[in-house]
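Heads up, the thing below is written out as structure tokens.
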Number of protein chains: 2
Amino acid sequence: MFTIKQVDQKTKARLGILTTTHGVMETPFFMPVGTNAVVKTLSTEDLLGMGAQIVLSNTYHLFIRPGMEVIRQAGGLHAFMSWDKPLLTDSGGYQVFSLAKLRKLTDEGVEFQSHLDGKSHFFTPEDVISIEKILGSDIIMPLDECAPFPCDHKGAERAIRRTTLWAKRSKKYFQENSSNRNNQLLFGIIQGATYKDLREKSTEDILEIGFDGYAIGGVSVGEPVELMFETLKFVLPLLSENFPRYFMGIGMPDQIVRAVGEGVDMFDTSIPTRYGRNGTAFTRQGRVVIRNAEHTQDMSPIDESCDCFVCQKYTRSYIRHLVNTKEILGLRFLSYHNVYFYINLMKKIRQAIQENRFPEFKKEFLATYSSTLEESKEEQSLLTKER
Amino acid sequence: MFTIKQVDQKTKARLGILTTTHGVMETPFFMPVGTNAVVKTLSTEDLLGMGAQIVLSNTYHLFIRPGMEVIRQAGGLHAFMSWDKPLLTDSGGYQVFSLAKLRKLTDEGVEFQSHLDGKSHFFTPEDVISIEKILGSDIIMPLDECAPFPCDHKGAERAIRRTTLWAKRSKKYFQENSSNRNNQLLFGIIQGATYKDLREKSTEDILEIGFDGYAIGGVSVGEPVELMFETLKFVLPLLSENFPRYFMGIGMPDQIVRAVGEGVDMFDTSIPTRYGRNGTAFTRQGRVVIRNAEHTQDMSPIDESCDCFVCQKYTRSYIRHLVNTKEILGLRFLSYHNVYFYINLMKKIRQAIQENRFPEFKKEFLATYSSTLEESKEEQSLLTKER
């Protein structure tokens, strides 16, 4: 299922192969986020064209819309969205805590109100697995309790206890209801906020239950970036080397490069599409706000070093005009370029590991890529205006 | 410049070749509308892929945004939008009367306030030609006065008098400022509202000045469809057969098929993209509102008989979900399919003329295509909510 082909000699970066029903993927990889069964603004042709290996989608959103009956009728999520490569589905736990109105949280499960129509729903861990079986995703994430930041020790402790309880029930239900267990992979999620003792306990618990891969959850929830990396560096050595490691919801390009160096295999973030829809592009030198007036007469491409079709053919001036006139095509161009940038970054990372030059690659990337650890106030306000 | 290859024996439909600097086009053709230097939601790759021969853009909109300095800097409109096939530019006359706030209208020109920032501008016919020369469009439309519907005889008479005056000045300026006259074609526009005496007078005037092609303007401005066809049938026989004939702003697919039968060579309308962005698709059987709940579990394509990539790969259920969740990709899919439908319709029309079976094609098309002469109230209200 997961094979490590090569481990970097100086860092902990590793090159691997992850095999699922819908295809074989090279790790480390990036998963474009397709919350509503679509990577915002992009078709599956676009994703195939840029070399996406896998797409992430979301149980909570799909359960709300279009609803499971439609997906079942279509023959699963792959068929529904016309994507026949691997899919990973998030459990919806994070959305229940962040997006929906949480009504009641007990060991039994979680009661929440849809963010759309206020309708009440109840998810048990078993319900979530059952939904993900209908979705037919290649990699299933179980229901977990994601503690917010900041969170006191007591609250974080309660969250890891419940996450472990739910992980056990998820695995049991998953095993008892799999005619062919190899068709889907089930991952475990490690919680524990920023407390080392809790992270250690959660890791032990989840490892003991045993999963096909391990995700570090409850990160990138508002904590300082260096604290996030401390958590990562603490947890990773506790994990077995023989399973894929997924750092959930990370991050900016420089953060990904650093995390690969710590031994992470899988990444997802909505940053490239979200920033794209807000008029910002990622380039080899850092972020560029194409919406800004300074690009009005800039006849150069978004990124001189990029070979995506947008950079091959369209100027900053034109794309800025599209964004400025609220033309949808501008959002698509920026989203396409940004996702391409992330996918291409992973390709370069894998090449560097393979050619035994990842440390040099990392050093050079971090030196030339403007630190994006801090977002400008303008960008933060833009992000809240998400379409 | 314009050659007629074939004339249908029973109707007045004709097959021709129109040659411009940026390419040779087969008539009759449809021009997708790219008001802001973009056919809404579509890239120029999309347009090339579906066989678009020419795109229409708009002087008024481009003058307001991005402004002429940016287009000049880019090297013209073709380069700015990365489209190296022919372009036709509307004079902006219609927009000055419909979109902008009209301040003053004299024989000298028109003073208007930008619909965006309220800034005052003054356009003379010479200004408009001068702008279109910077744009570098292959086919230039001169400034005209488009009478509204309804309009009394006196008002319509004043409009044709001024349209003639401006047409003369436009041609003079165009000729005096062309280093190489063959690089751009200048069309004349016939006005006259629904009054036959005025249409006749306007046609005589415009023919006497002499242009590279002739457009029937002031149609599809709210008058009943049959009155529009009466105007068309009255004016067309007054025109010389040796020049291209452009029926401005028309129309629904069945109207285009009928107008081809009357001898029209060129069409433009924003209907396919506008309806697409509002969740409606064109099919061989008529319009289908994909947004509607009845398509929730409809696993068939938009149009079984269509071979566009959207119909080859995506279901009504999925596209309905995209529109329902306000995903931009849904608007792109519907716009793509709809423009493809129009372009493909023209291809079929040309084939039918070539194979001497246009009357049969027309009869069969009108029999199987649901009459769309009347818009539903829901659709009308949708159209006003244009993004």
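Just so you know, all these numbers are worked out from the coordinates, no wet-lab data involved. Being a predicted model, the structure only gives us computed values, none of them experimental. Using ideal geometry, Cβ is built from the backbone for each residue, glycine included, and neighbour counts are taken over all protein chains shown.
By DSSP, the beta bridges lying fully in region B:2-269 are antiparallel in about 45 percent of cases.
Think of each Lys and Arg Cβ as +1 and each Asp and Glu Cβ as -1; about the Cα centre, that makes the dipole of the protein assembly as shown roughly 100 debye. Label positions at residue B:227 and residue A:19, each projected 7 Å from the Cα along the C-beta direction, are separated by 7.3 nm.
Residue by residue along B:185-191, Cβ atoms of other protein chains within 10 Å of the local Cβ number 0 on average. Every helix of 4 or more DSSP H residues in chain A counts as -39500 (n - 2.57), and over all residues that averages to -12500 deg cm²/dmol at 222 nm. May I ask for the percentage of alpha-carbon pairs in region B:280-384 that lie more than 25 Å from each other? Distances greater than 25 Å cover 25 percent of the Cα pairs. In terms of the Cα gyration tensor, with a ≥ b ≥ c the square roots of its eigenvalues, is region A:1-155 rounded because a/c is under 1.5, prolate because a/b exceeds b/c, or oblate? Oblate shape, in that a/c is at least 1.5 and b/c is the bigger or equal ratio.
Rounded, prolate or oblate for region A:90-164? Axes are the square roots of the Cα gyration tensor eigenvalues, ordered a ≥ b ≥ c, and the cut-off for rounded is a/c under 1.5. Taking the square roots of the gyration eigenvalues as a ≥ b ≥ c, region A:90-164 is oblate.
Chain B residue nearest by beta-carbon to the axis mapping B to A, with distance in Å: B:328, 3. With the dipole of chain B worked out from charges on the C-beta (+1 for Lys and Arg, -1 for Asp and Glu) around the Cα centre, which of B:257, B:278, B:105 lies farthest toward the positive end? Positive-most Cα among the choices belongs to B:278. A label point on residue B:292, set 7 Å along the Cα-to-Cβ line, lies at 4.9 nm from each of its counterparts in the other copies, closest listed first. Contact order for region B:2-269, expressed relative to its length and based on alpha carbon pairs under 8 Å spaced 6+ residues apart, stands at 19 percent. Charge dipole of region A:32-167 (Cα centre as origin; +1 on each Lys and Arg Cβ, -1 on each Asp and Glu Cβ, all else neutral): 300 debye, rounded to the nearest 20.
Here the label points at residue A:364 and residue A:3, each 7 Å from Cα along the C-beta direction, are separated by 3.0 nm in the simple model.
With label points defined 7 Å past Cα in the direction of Cβ, position residue B:226 shows copy-to-copy spacings of 8.1 nm, given to one decimal and shortest first.
Under Stokes-Einstein, with the Kirkwood radius over Cα pairs as Rh, the value for region A:158-294 at 25 °C and 0.890 mPa s is 148 µm²/s. I'd like the FRET efficiency for residue B:172 and residue A:296, computed as 1/(1 + (r/R0)^6) with the beta carbon distance as r and R0 of 56 Å, rounded to 0.05. Result of the calculation: an efficiency of 0.95. The charge dipole of region B:2-269, taken about its Cα centre with unit charges on the Cβ of Lys, Arg, Asp and Glu (plus for the first two, minus for the last two), comes to roughly 220 debye. Count the DSSP beta bridges whose two residues both fall in the protein assembly as shown, then state the antiparallel fraction as a percent rounded to the nearest 5. Given both bridge residues lie in the protein assembly as shown, the antiparallel proportion sits at roughly 50 percent. Sorted from shortest to longest, the distances between the residue A:238 label points of this copy and the other copies are 8.7 nm, with each point 7 Å from Cα along the line through the beta carbon.
Applying a 4.7 Å Cβ-Cβ cutoff to chain A leaves A:146, A:151, A:308 as cysteine residues with no disulfide-compatible partner. Longer than 29 Å from Cα to Cα, which of B:101/B:347; A:5/A:362; B:12/B:172; A:5/A:168 are they? Say none if no pair is. From the list (B:101/B:347; A:5/A:362; B:12/B:172; A:5/A:168), the Cα-Cα distance tops 29 Å for B:101/B:347; B:12/B:172; A:5/A:168. Peptide A:320-328 has a mean shielding of 6, counted as Cβ atoms of other protein chains within 10 Å of each residue's Cβ. Each label point was placed 7 Å from the Cα along the Cα-to-Cβ direction; for residue A:65 and residue B:242 their separation is 5.9 nm. Rounded, prolate or oblate: which fits region B:2-269 when a ≥ b ≥ c are the square roots of the eigenvalues of the alpha-carbon gyration tensor, with rounded for a/c under 1.5 and prolate only if a/b beats b/c? Here region B:2-269 falls in the rounded category. Applying a threshold of 21 Å to the alpha-carbon distances of B:40/B:119; A:154/A:201; A:233/A:348 flags B:40/B:119; A:233/A:348 as lying beyond it. Counting only other chain Cβ atoms within 10 Å of each residue's Cβ, the peptide B:77-87 averages 2. Peptides A:228-234, B:61-67 ranked from most to least packed, by the mean per-residue count of other Cβ atoms within 10 Å: B:61-67, A:228-234.
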